[in-house]
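The values are calculated or read from the model by the stated rules, or taken from the named source; none is laboratory data. Bear in mind the structure is a predicted one, so any value in this text is a computation, not a measurement. Quick reminder, even Gly has a Cβ in these numbers, built from the backbone with ideal geometry, and neighbours come from all protein chains shown.
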Amino acid sequence: MGAVCCRSQPIDFDGEVNLFHFALLRCVGKGAFGKVRVVQHKQTRDLYALKYINKTKCVKMKAVPNVIQERRLLEEVDHPFIVNLRYAFQDDENCFFVLDLMLGGDLRFHLERLGSMPEETVRFYLAQLSSALSFLHEMGIMHRDLKPDNILLDERGNAHLTDFNIAVHFGERKLTGVAGSMAYMAPEILLKRGYTYSIDWWSLGVCGYELVFGRRPFRGRSNSDLTYSISRDPLKWPDDAEKKCSRSGMQVLKGLLERDPSKRFGCKPHGEGFQELRRHPWFKPIDWDTLDTKEQTPPFTPDANKANFDASHELEELLLEDNPLKAKARKANQENMSTEMRQMEEQFTSYDFKKMQRRSYYPHNQHLISTATATSSGLASSRPATPANDLRVENSGLRVEGDMRMDGGGGIMYNSNSIELNGREEITMKEVRVDPIHLEKDYP
C-alpha cells in the first residue's frame with residue numbers, strides 16, 4: 001500500500017525558452033497589468049529580473065502595440081549601461097521579459113534618502129548614461145523617458161538605463177506626439193514643434209541638475225505653469241550652488257539644458273555631440289577608455305545589507321494574490337483568439353540571447369496600430385508620485401487630444417474621453433519598472 005509519486009517532467013533546456021526554465025523568487029514590483037520578480041535560471045543559476053504582463057489586462061487597456069514595440073526595441077539593444085533583454089517568451093496568460101537584474105536600487109530611491117548627491121558621483125553617472133544614449137542614438141533609437149526612476153544601479157554602483165516602453169526609432173522626419181514624464185520633457189516636445197533624439201540630452205540635464213541640487217531646474221503648480229517654466233524661464237541656480245557644484249559642472253548642466261537643440265550639448269550629428277561632451281573639462285577625471293568595461297570603481301556603492309525595493313510587493317504577493325504566477329503548459333487550441341490576442345501571439349516572439357543574434361525590426365515597429373484610437377495602461381508606483389510625473393499619450397498611430405491640468409497631489413488630470421491621470425490611479429503608456437532587490441542568501 002503505497003502512494004504513487006508524480007514526478008515532474010524533465011525540462012528541455014535545448015528547446016524554446018519558457019517559464020519552466022526559471023525558479024521564481026521574490027516579487028519586487030507591481031504594475032497595472034503585470035509584476036516584476038527575481039528569477040533564477042535553473043540550468044545556469046544566473047539571476048534575472050522577470051517582468052510579466054497579463055495579456056487580458058493588456059488588451060483591456062489597449063496597450064498591445066507598446067508591449068510589442070518594447071519587445072522589439074529591446075532585441076536591438078545590448079550595452080554595458082542599459083538593462084538588457086536576455087529572454088522573451090509568452091504563455092497563455094502572460095508575456096515575459098527576462099532582463100538584467102540590478103541589485104543597487106534606482107536613483108529616485110537613493111535621491112529620496114540622500115536629498116542630493118556629490119558632484120563627482122553625478123559626473124560618473126552622467127558619463128555612463130551619455131555613453132548609453134550615444135549608443136542608442138547611433139542605433140536610431142530615442143529613449144524619451146530618462147529620469148532618476150529609470151536609472152538603476154548594479155551592486156557595485158554602475159548606472160543603467162531601463163524602461164523602453166515609449167522608446168521609438170527616429171529618422172529624418174521629426175515626431176510630434178507628446179510622450180514622456182512631463183517634468184523631464186524638453187521644451188520642443190511641450191511646444192509641439194517636432195523633436196528628435198535631442199530630447200534625451202535635455203532629460204539628462206534635468207536628471208543631473210536634480211541629483212546635484214536635490215530639486216529640478218523647472219517647476220510649476222499647474223500644467224501650464226510647468227510648460228511655461230520649461231520653455232521660457234531662465235535657468236537659475238540654488239543659493240548654495242557653488243558649494244555643491246563646480247563652475248565647469250554647472251557649464252555642462254547649462255549646456256544640456258539649452259533650449260535650442262542645435263546648440264544643446266550632445267546634439268551635434270554623427271556622434272560629434274557625444275565626443276564634444278567627453279572632451280569637456282568637467283569630464284577630465286573620467287577614464288573613457290575603461291568606462292564601458294566597468295573597470296573603474298564607482299564613487300557610490302549601494303548598501304549591500306539593505307533591501308533596495310519596497311518589501312510590501314512581496315507581502316502582497318503572499319497574502320492577496322488570487323492567481324499566483326506558475327509555469328503552465330500551453331493549450332493546444334488557439335483558434336478563438338481576439339485580434340489583439342492574436343497580435344501578441346504572433347508578434348511577441350521568443351528570444352534567447354545565448355542562441356539568437358539580435359536584430360532590428362525597424363521600420364516595421366512604427367506601424368503597430370491598435371484597433372482602438374486611444375491607448376493607455378497603468379503603473380502602481382511603490383513611491384509617491386513626483387510632480388508632473390508620467391504623462392504618456394503616444395505614438396504608433398495612437399493619439400489622444402484633450403486638456404491637461406495638474407491636481408493638488410502633484411498628479412496630472414488629462415481630460416479626454418474620460419481618460420484621467422492622477423497620483424492615485426495613473427493611466428499611462430507605462431508598464432512596470434524593473435525594481436532591483438537585495439538577495440540575502442543563495443536560493444536553491
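Tabulated values for the structure
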| quantity | calculated |
| --- | --- |
| Restricting region 338-357 to residues that are at pLDDT 90 or above and among the polar types (S, T, N, Q), the residue that is surrounded by the fewest Cβ atoms within 10 Å (Cβ to Cβ) | Thr339 |
| Residue in region 10-28 that is surrounded by the most Cβ atoms within 10 Å (Cβ to Cβ), counting only those that are assigned to a loop (DSSP other than H, G, I, E, B) and in contact with a strand residue (DSSP E or B) (Cβ under 8 Å, 6 or more places away or on another chain) | Val17 |
| Options Ser360, Ser382; residue that is small (Gly, Ala, Ser), touching a His at 6+ places or on another chain (Cβ under 9 Å) and modelled with pLDDT of 55 or more | Ser360 |
| Residue within region 212-220 that is within 15 Å of Leu111 (Cβ to Cβ), surrounded by fewer than 24 Cβ atoms within 10 Å (Cβ to Cβ) and small (Gly, Ala, Ser) present | yes |
| Count of region 182-197 residues which are surrounded by fewer than 24 Cβ atoms within 10 Å (Cβ to Cβ) and of a type in the set (Ser, Thr, Tyr) | 2 |
| Residue selected from region 58-80 under the condition of a type in the set (A, V, I, L, M, F, W, C), in contact with a helix residue (DSSP H, G or I) (Cβ under 9 Å, 6 or more places away or on another chain) and assigned to a loop (DSSP other than H, G, I, E, B), by the criterion surrounded by the fewest Cβ atoms within 10 Å (Cβ to Cβ) | Val77 |
| Residue within region 86-94 that is at negative phi, of a type in the set (Gly, Ala, Ser) and modelled with pLDDT of 95 or more present | yes |
| Members of region 104-147 found to be among the hydrophobic types (A, V, I, L, M, F, W, C), crowded, with 21+ Cβ neighbours inside 10 Å and outside any helix (DSSP H, G or I), listed by number | Met117, Ile141, Met142, Leu146 |
| Gln251 over 24 Å from Arg193 (Cβ atoms) and in contact (Cβ under 8 Å) with a residue 12 or more places away in the chain | yes |
| Residue selected from region 29-57 under the condition over 29 Å from Ala132 (Cα atoms) and touching a helix residue (DSSP H, G or I) at 6+ places or on another chain (Cβ under 8 Å), by the criterion surrounded by the fewest Cβ atoms within 10 Å (Cβ to Cβ) | Gln43 |
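Residue-wise test of (1) farther than 21 Å from Pro281 by Cα; (2) under 24 Å from the mean Cα position of the chain (by Cα).
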position	(1), (2)
Val212	no, yes
Arg215	yes, yes
Leu226	yes, yes
Arg232	yes, no
Glu242	no, no
